[in-house]
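The values are calculated or read from the model by the stated rules, or taken from the named source; none is laboratory data. Every value quoted in this text rests on a predicted model; they were computed, and no experiment measured them. Positions of Cβ are generated from backbone atoms using ideal geometry, with glycine treated the same way; all protein chains shown enter the neighbour counts. What goes into the accessible areas is simple: the full protein's heavy atoms, side chains included, and nothing from ligands, DNA or RNA. Shrake-Rupley method; radii C 1.70, N 1.55, O 1.52, S 1.80 Å.
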Amino acid sequence: MKALSTGEIDTFLGFKFITLGDRDEGGLPLPSTRTCFAFHRDAIGMGIGMNQKSEINYVPEKTSFLVSSMFSAGAVAIDDDGIVKISATE
């Protein structure tokens, strides 16, 4: 029912599909065979070393703002049986 009300089909048989759309700069080249991954959320882990921190400073010499952001994290495969590599041909 949710797919009918929102007009989007992003789940099927318990899988949630995440797609990367086209970008103005051209995006990724189109290979003949794409590599996709399916994984269970308990099969991967993520550790955050430093939460996202953003700073905005005004630089009078350049009459502009300097925006900087920092983030530190890492990911690891916990259970190899919960990650599947799929090759798809368009």
- prompt: For the subset of the stretch 1-17 comprising residues that are of a type in the set (F, W, Y) and not in a loop (DSSP other than H, G, I, E, B), which member is modelled with the highest pLDDT?
  reply: F15
- request: Could you please let me know if L20 is modelled with pLDDT under 85, among the aliphatic types (A, V, I, L, M), exposed (fewer than 10 other Cβ atoms within 10 Å of the Cβ) and touching a Gly at 6+ places or on another chain (Cβ under 8 Å)?
  value: yes
message: Can you list residue pairs whose Cβ atoms sit under 8 Å apart, with the first residue in the stretch 18-34 being within 22 Å of K85 (Cα to Cα) and the second being in a strand (DSSP E or B) and at pLDDT 70 or above? Count only pairs 6 or more apart in sequence or on different chains.
response: S32/T89; T33/S87; T33/A88; T33/T89; R34/S87; R34/A88; R34/T89
message: Could you tell me how many of the residues in the stretch 53-76 are assigned to a strand (DSSP E or B) and either under 16 Å from the mean Cα position of the chain (by Cα) or on the phi > 0 side of the Ramachandran plot (or both)?
response: 6
- prompt: (1) out of contact with any Gly (no Cβ under 6 Å at 6 or more places or on another chain); (2) at pLDDT below 90; (3) surrounded by 10 or more Cβ atoms within 10 Å (Cβ to Cβ): which one isn't true of H40, the others all being true?
  reply: (1)
Residue count for the stretch 77-90, restricted to those that are open to solvent by less than 100 Å² (accessible area, probe 1.4 Å) and either out of contact with any strand residue (DSSP E or B) (no Cβ under 9 Å at 6 or more places or on another chain) or not in a helix (DSSP H, G or I) (or both): 7
message: With the requirement that a residue be touching a residue at least 12 places away in the same chain (Cβ under 8 Å) and either touching a helix residue (DSSP H, G or I) at 6+ places or on another chain (Cβ under 9 Å) or open to solvent by less than 70 Å² (accessible area, probe 1.4 Å) (or both), what does the stretch 56-68 give you?
response: S68
